[in-house]
Amino acid sequence: MYWHYIRHGLKPSEYYQMGYGERLVLRAFMEKECQEIKEEEDAIKRKAKGGM
């Protein structure tokens, strides 16, 4: 929930008012976003080391 508040401005009360399915989808989106950020960080690290 912290991630949603800091990154997307979703208030805790809004989160808890959502249904179970909505929260499940939101979590899946968050996990996808985290995965993309990690991949981007890894790519930057590889480039910084001189790799492709």
Checklist outcome for this item: Subset of segment 1-19, residues within 19 Å of C34 (Cα to Cα), open to solvent by 40 Å² or more (accessible area, probe 1.4 Å), of a type outside the set (S, T, Y) and part of a helix (DSSP H, G or I), comes to W3, I6, R7, H8
Item to check | Test set (1) open to solvent by 80 Å² or more (accessible area, probe 1.4 Å); (2) at pLDDT below 95 - L26 fails condition number | outcome: (1)
Checklist entry - Pairs under 9 Å by beta carbon, first residue in contact (Cβ under 8 Å) with a residue 40 or more places away in the chain in segment 39-50, partner in a helix (DSSP H, G or I) and open to solvent by 90 Å² or more (accessible area, probe 1.4 Å), six or more apart or different chains? => result none
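Among the candidates K45, K38, single out the residue that is at pLDDT 95 or above and either in contact with a strand residue (DSSP E or B) (Cβ under 8 Å, 6 or more places away or on another chain) or open to solvent by 100 Å² or more (accessible area, probe 1.4 Å) (or both). Quick ask: steps written out before the conclusion?
Working: K45 fails: at pLDDT 95 or above.
On inspection, the qualifying residue turns out to be K38.
The values are calculated or read from the model by the stated rules, or taken from the named source; none is laboratory data. Everything numeric here is computed off the predicted structure, so don't read it as measured data. Cβ sites come from the backbone with ideal geometry, for glycine too, and all protein chains shown count toward neighbours. Note: accessible area is taken over every heavy atom of the protein model, side chains too, but ligands, DNA and RNA are not part of it. Shrake-Rupley method; radii C 1.70, N 1.55, O 1.52, S 1.80 Å.
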